[in-house]
Every structure is written in C-alpha cells, then in structure tokens.
Amino acid sequence: MTMARMLTVAAAQLGPIARTDSKASVVKRLLALMREAKALGADVVAYPELALTSFFPRWYFEDQAQIDQFFETEMPSPETQALFDEAKRLSIGFHLGYAELVDNAGSKRRFNTAILVNQQAEIIHRYRKIHLPGHDQHEPWRAFQHLEKRYFEVGDLGFGVVNAFGGLMGVCICNDRRWPESYRVMGLQGVEMIFIGYNTPVHNPPAPEHDALSNFHNRLVMQAGAYQNASWVLGVAKAGLEEGVMQIGQSQIIAPSGELVAQCSTLGDELCVARCDLDLCLSYKQTTFNFERHRQPEQYRLIVERRGAQLPLQNT
Ligand code: CDT
C-alpha cells in the first residue's frame, strides 16, 4: 500500500514594494494572492520575508521613529487583521514574514520574524531570524546598504519545528538558507516542510563577482537543504526592481529528493503551487539520511565549539 499525506502549498511571490506604499495597499495584494491560492486548491499560502514593507535595511536611518514605522508592534494589527479574517473565512493557513517590535515595559527588542498561521487564523509558530547578514554601521561606499545587523537582534527562539497542516513544519529566513546548520537543526526534529522567505539583491557590494551566480546559489542551497534533510522546502521571494535595487525571484517548491517541482517565472506578484506528499520524506529519512543510524555527532564537535575557521598548526 502506498502512503500519502498530501498538502497543497502556494509560494506567493511578491513583486517590489515602494517605500511610500502603505501597509494597507500591500495587504490588498496579499489578500488577492491568498484568494488565488485558495482557488488553486492550496491549504497554505507562503509570503516572503518582511512582506509588509519595502526592504528597509537597504537604507541608513538615524531616527529610530522612522525605522520603527517599518515594524509591527502587534500581530494581527488593525492593518493585518484582514489577512487573518480572510484566512479563517477561506480556511487556509499562511506563512508571513514581518519586522517585529517587542515592547516589554519600555524595553524594546526588534526581530526579523516569520509566523505560521493555521486555518483557524491562530498563530501556531514564530521564528526570529538567526543569521543576520550585512553590517551594523553606515557604509556609504555601497550602492545600497544592508543594515540587518543594525536594525535587528539575533533571533532568540532557535530553529523550532511544529506539528501543523498534517506534518512537521519549520521556518527559517533568507540568509539562514545559506547555512546547513539551519536545516540540520530542523532535520533533527524530523521536519517535513521548511518555509523560507527571502529578499536577495542580485548585487552583493562586497563581492560583485558573485552577482551572476545569485539565482544559482539560491537553488543550490535550498535543493541541498531539502535533500540532505529529507524535507520539502518552499522558497518565497520578494522580487524585482525595488527602490532601484534588483532582487532575485525564482520562488520555488523543492521535494525531499532535492528536485524542483514548481517555480515562479516572473519578478512580480505570482503564485507557484504544488501538491506535496509529506510521506515522500520517509524513504530519505529511513535510508540515506537515517540520522540515528548514520550520523556521528561526536565527530562534529567543532560545529558547536568553534564559530570561525582556525587553520591547523603547521607541521614542523
Ligand atoms: N535578506 C537577506 O538575508 N538577504 C541576504 C543577502 C546577502 S548577500 C549574499 C541573502 O542571504 O539573500
């Protein structure tokens, strides 16, 4: 007897969001994609990283109040409530990335966050980005800034995995997808589907020689992460020419085999949809990547004991 646990998911790629676009206008776009996803049979629709605003770490701001306009102090908020209401009405789950401002009795903390919301519109999982790329000081030599290290704290919730949508779901965000540790920590909790929103500029000012490889690296890391951890991976872009900065698209859905099963072909608002059998993870989890049987964690100690590379001592 063949087993199957089917979950239909839609990666809801967004085209550019201008700095002057209101959150309400963005929510309208998200709602249109949600309705289209439902019409195409999706159980869950996934939006990108920082999906409610322009990718603001590209600008250097000195005024904290100006920065905080890009953040949400509550979720749902009056502006995002419509998403939750519509998700409940349609009985569709969603993944949403946004800038989260936590105010604990006046002590403010800011995170690059993503949540999973179930078909009853309840927040069932929260992830705060751990690998923050870029820099923390203004670097005017760059064509544009990447100030995530300035505007966000490192996430404090780990790489959790939650039982939802009939399987084991995990989340990481953008730069996290380049690090095998992100996937493996979720793999060690049996993850079956990983949601990854991203804003990836084609141009990387410190290493322009990588620019032509941006799409290749996007595919490379997510396909490897899926296969090596026997999990579905959904990569969702905010794409296109946003405020003068070109960002990659190629939102995609990847099977536990590492194969690409659906991909967006524009740089605008677009869905790609796949019917995913979560049981496809099993044959990989039970054979090639049977972690219990084959992993040798004693031999991997350096991974948690050492942050940066240290060269071996020269033989004398
Ligand atoms: N948003 C985000 O994390 N972007 C980074 C750009 C880094 S440039 C290599 C990313 O990893 O896509």
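Which of Ile248, Ile196, Ile303 comes first, and how do the rest follow, when ranked by fewest Cβ neighbours within 10 Å? Kindly include the intermediate steps, with their values, before the conclusion.
Working: Ile248 19, Ile196 33, Ile303 12.
Going from sparsest to densest Cβ surroundings: Ile303, Ile248, Ile196.
Pairs with C-alpha atoms separated by more than 27 Å, drawn from the list Lys38/Lys238; Lys108/Lys149; Lys28/Lys238; Lys38/Lys285, are Lys38/Lys285.
This model, with +1 at the C-beta of Lys and Arg and -1 at the C-beta of Asp and Glu, gives region 179-316 a dipole about its Cα centre of some 500 debye.
Only Cα pairs under 8 Å and 6+ residues apart enter the sum, and on that basis the relative contact order of the chain stands at 21 percent.
With a 10 Å cut-off between alpha carbons and a GNM built on the chain, which of Ala262, Ala143, Ala87 moves the most? The residue with the greatest mean-square fluctuation here is Ala143. Of all complete DSSP H helices in the chain, those with a Cα span along the helix axis of 15 Å or greater and a mean Kyte-Doolittle hydropathy of -1.0 or more are 23-39, 214-228.
List the aspartates and glutamates whose alpha-carbon lies under 18 Å from that of Lys88, not counting same-chain residues fewer than 8 positions away? Reachable aspartates and glutamates: Glu36, Asp43, Glu79, Glu122.
Near Gly244: Cβ cut-off under 14 Å, other residues only, Lys/Arg at +1 and Asp/Glu at -1. The net charge is +1. Restricting region 213-316 to GluC sites (Glu not before Pro) that sit in a DSSP loop and have at most 14 other Cβ atoms within 10 Å of their own Cβ leaves Glu259. For region 150-174, backbone nitrogen atoms closer than 20 Å to the point 7 Å from Glu62 Cα along Cα-to-C-beta are found at 150-152.
Dipole check for the chain: with +1 at the C-beta of Lys and Arg, -1 at the C-beta of Asp and Glu, and the Cα centre as origin, the magnitude is about 520 Debye.
Considering only DSSP beta bridges whose two residues both sit in the chain, what percent are antiparallel, to the nearest 5?
On the way: 38 of 58 bridges.
Rounded to the nearest five, the antiparallel share is 65 percent.
For every helix of n ≥ 4 consecutive DSSP H residues, a contribution of -39,500 (n - 2.57) applies; sum these over the chain, divide by its total residues, and give [θ] at 222 nm rounded to the nearest 500 deg cm²/dmol. Spell out each step's value before the answer.
Numbers: 9 runs with 75 residues, N = 316.
Theoretical 222 nm ellipticity from helices: -6500 deg cm²/dmol.
Say a site is exposed when it is one of the trypsin sites (Lys or Arg not before Pro), sits in a DSSP loop, and has at most 14 other Cβ atoms within 10 Å; what is then the longest site-free stretch of the chain? Each step should come with its number before you reach the end.
Working: sites that count: Arg19, Arg295, Arg306, Arg307.
My reading of the result: 20-294 is the longest stretch.
Values quoted throughout were computed directly from the atomic coordinates according to the rules given, and no laboratory measurement underlies them. No experiment lies behind these values; they were computed from the predicted model shown. Note that each Cβ is placed from the backbone with ideal geometry, even for glycine, and that neighbours are counted across all protein chains shown.
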